[in-house]
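Q: Sharing a structure here in structure tokens format.
The values are calculated or read from the model by the stated rules, or taken from the named source; none is laboratory data. Computed from a predicted model, the values in this text were never measured in an experiment. Cβ placement follows ideal geometry from the backbone for every residue including glycine, while neighbour counts extend to all protein chains displayed.
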Amino acid sequence: MELAQVRLLVSDFATCYRFYADVLGLKPQSGATEGPYEKFSPTTGSAGIALQDRATMADLLGEVNDTVTGHRSLVVLRVDDLDTYCDRVASRGATLLHGPAPMTPRLRVAHLKDPEGNLVELQEWQLLHV
């Protein structure tokens, strides 16, 4: 397992984008200034931080997009075999909220909450076969 990123779920994506890019000086991956997702990298090191539109995640999980009580962060863990890992954590008492399911053509995800209610995304990247 690999820690892929810590993702902040934000309501005002464009303002947060400018803060991380222009104020903190982190390098945006794609330049998606309006979202719904962008990863930022420091000048050195491999870890990054990402922003994701809060409403997008609420829709995915079938939850109400409430900025007062809604989720603010998402820990992302990359695994080699998502189905096997989900079976393993479920057998240990975790309750999956969503998935395993495709999020993009190359990315499969599952979501769960820790005991404090923090969101955790498990993700598996798939190779494109050309």
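Q: So which residues in region 1-57 are on the phi > 0 side of the Ramachandran plot and either of a type in the set (Phe, Trp, Tyr) or at pLDDT 80 or above (or both)?
A: Residues satisfying the conditions are Gly31, Gly35.
Q: Let me ask something else. Mind checking whether some residue in region 66-76 is within 26 Å of His98 (Cβ to Cβ) and at pLDDT 85 or above? Let's see the steps before the verdict.
A: Let us first name the residues in region 66-76 that are within 26 Å of His98 (Cβ to Cβ), namely 66-76.
If we keep only those that are at pLDDT 85 or above as well, we get none.
No, because not a single residue in region 66-76 is within 26 Å of His98 (Cβ to Cβ) and at pLDDT 85 or above.
Q: State which residue is farthest from Asp83 (Cα to Cα) when the search covers only region 1-40 and only residues that are out of contact with any helix residue (DSSP H, G or I) (no Cβ under 6 Å at 6 or more places or on another chain) and touching a residue at least 60 places away in the same chain (Cβ under 8 Å).
A: So, considering only residues that are out of contact with any helix residue (DSSP H, G or I) (no Cβ under 6 Å at 6 or more places or on another chain) and touching a residue at least 60 places away in the same chain (Cβ under 8 Å), the one farthest from Asp83 (Cα to Cα) is Leu8.
Q: Just need a number here: residues in region 110-123 that are touching a residue at least 60 places away in the same chain (Cβ under 8 Å) and either more than 16 Å from Leu61 (Cβ to Cβ) or part of a helix (DSSP H, G or I) (or both). Please lay out each step first, then the result.
A: Within region 110-123, the first condition is being touching a residue at least 60 places away in the same chain (Cβ under 8 Å), and the residues that meet it are 119, 121, 123.
Checking the rest, the ones that are also either more than 16 Å from Leu61 (Cβ to Cβ) or part of a helix (DSSP H, G or I) (or both) come to none.
Summing the residues that are touching a residue at least 60 places away in the same chain (Cβ under 8 Å) and either more than 16 Å from Leu61 (Cβ to Cβ) or part of a helix (DSSP H, G or I) (or both) in region 110-123 gives 0.
Q: Determine the pairs where a residue that is under 19 Å from Ala58 (Cβ atoms), located within region 98-109, has a partner that is among the acidic types (Asp, Glu) with Cβ atoms under 7 Å apart, the partner being 6 or more residues away or on another chain.
A: Within 7 Å, the pairs are Val109/Glu121.
Q: Which of the numbered conditions does Ala110 fail, given that it passes all the others? Conditions: (1) out of contact with any Gly (no Cβ under 9 Å at 6 or more places or on another chain); (2) modelled with pLDDT of 85 or more; (3) small (Gly, Ala, Ser).
A: (1)
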